[in-house]
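Reading through the structure tokens given below for one structure.
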Amino acid sequence: DVRAEAFALHGPVLTTAVVFTAERLLPSGYGVAAGDRAYWVPAGSLGCDESFEQYGGEAAVALVDGLLVANHTASSAALGLELCYKFEGDDVHLYPALARNVLGVSTPGSVLAVVGVAEAVTFAGVGLAAGDQA
């Protein structure tokens, strides 16, 4: 009697999160189940030796409202984070094609404005683009 287990993770392909905002990861694939674990590592990581708390740390996959989800809240912005995923009963694997961008504004911290006077405010951060609104 020979028995084999197969696991495959297909998504999410690319997600976007915002610093200090809880974001849901909706893993999809074969064998995805409650109890799996997921976390994000910097782009170019050679493995999944550690989870990074600033990118939401390790989260357990749970069944919520009929969906399998893992919740993460990042405290640092970064582009191209790669997913580490551990199926229940299997080793953790790096999925560099499954990526997340965590966007965030770092400046200005505060601005002094005068009523009735037009003021230009410059923003800096990760993931800012022309057309963004504040």
Notebook entry, point to check: Do the conditions hold for ALA43, that is, is it part of a loop (DSSP other than H, G, I, E, B) and closer than 18 Å to ALA17 by Cβ?
Noted result: yes
Notebook entry, point to check: Can you tell me how many residues in segment 1-60 are of a type in the set (Ser, Thr, Tyr) and touching a Gly at 6+ places or on another chain (Cβ under 7 Å)?
Noted result: 3
Checklist line | Residues that are of a type outside the set (Val, Ile, Thr), in contact with a Phe, Trp or Tyr (Cβ under 7 Å, 6 or more places away or on another chain) and not in a strand (DSSP E or B), drawn from segment 72-107 | finding: ALA74, SER75, SER76, PHE87, ASP90
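Got a number for residues in segment 97-115 being of a type outside the set (A, V, I, L, M, F, W, C) and at pLDDT 90 or above? Spell out the reasoning first.
Of segment 97-115, the ones of a type outside the set (A, V, I, L, M, F, W, C) are 100-101, 104, 106-110.
After this cut, where a residue has to be at pLDDT 90 or above as well, the list is 100-101, 104.
The total comes to 3.
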Note to self: Please determine whether any residue of segment 3-22 is farther than 30 Å from THR107 by Cα and β-branched (Val, Ile, Thr).
What the structure shows: no
Check: Looking only at residues in segment 114-134 that are under 17 Å from VAL102 (Cα atoms) and of a type in the set (Gly, Ala, Ser), which one is surrounded by the most Cβ atoms within 10 Å (Cβ to Cβ)?
Finding: GLY127
Next item on the list: Could you please find all residues in segment 70-103 being in contact with a helix residue (DSSP H, G or I) (Cβ under 8 Å, 6 or more places away or on another chain) and free of Cβ contacts under 8 Å to residues at least 60 places away in the same chain?
Entry: HIS72, ALA74, SER75, SER76, ALA78, LEU81
Margin query: Which residue is modelled with the lowest pLDDT, if the candidates are limited to segment 1-17 and must be open to solvent by 70 Å² or more (accessible area, probe 1.4 Å) and aliphatic (A, V, I, L, M)?
Written below: ALA4
Checklist line | Single residue of segment 58-76 satisfying the filter (within 16 Å of GLY29 (Cβ to Cβ) and buried (at least 16 other Cβ atoms within 10 Å of the Cβ)) that is nearest to the chain's Cα centre (by Cα) | finding: ALA70
Notebook entry, point to check: What are the residues in segment 19-55 that are within 14 Å of ASN101 (Cα to Cα) and open to solvent by less than 20 Å² (accessible area, probe 1.4 Å), if any?
Noted result: LEU25, TYR39, TRP40, VAL41
Note to self: Going by what's in this entry, would ASP49 be described as of a type outside the set (Val, Ile, Thr) and modelled with pLDDT under 90?
What the structure shows: yes
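The values are calculated or read from the model by the stated rules, or taken from the named source; none is laboratory data. Keep in mind that this is a model prediction, so the values were computed, not measured. Neighbour counts run over all protein chains shown; Cβ positions are idealised from the backbone, glycine included. The protein model used for the area step is the full one, side chains on, heavy atoms only, and it has no ligands, DNA or RNA in it. Shrake-Rupley method; radii C 1.70, N 1.55, O 1.52, S 1.80 Å.
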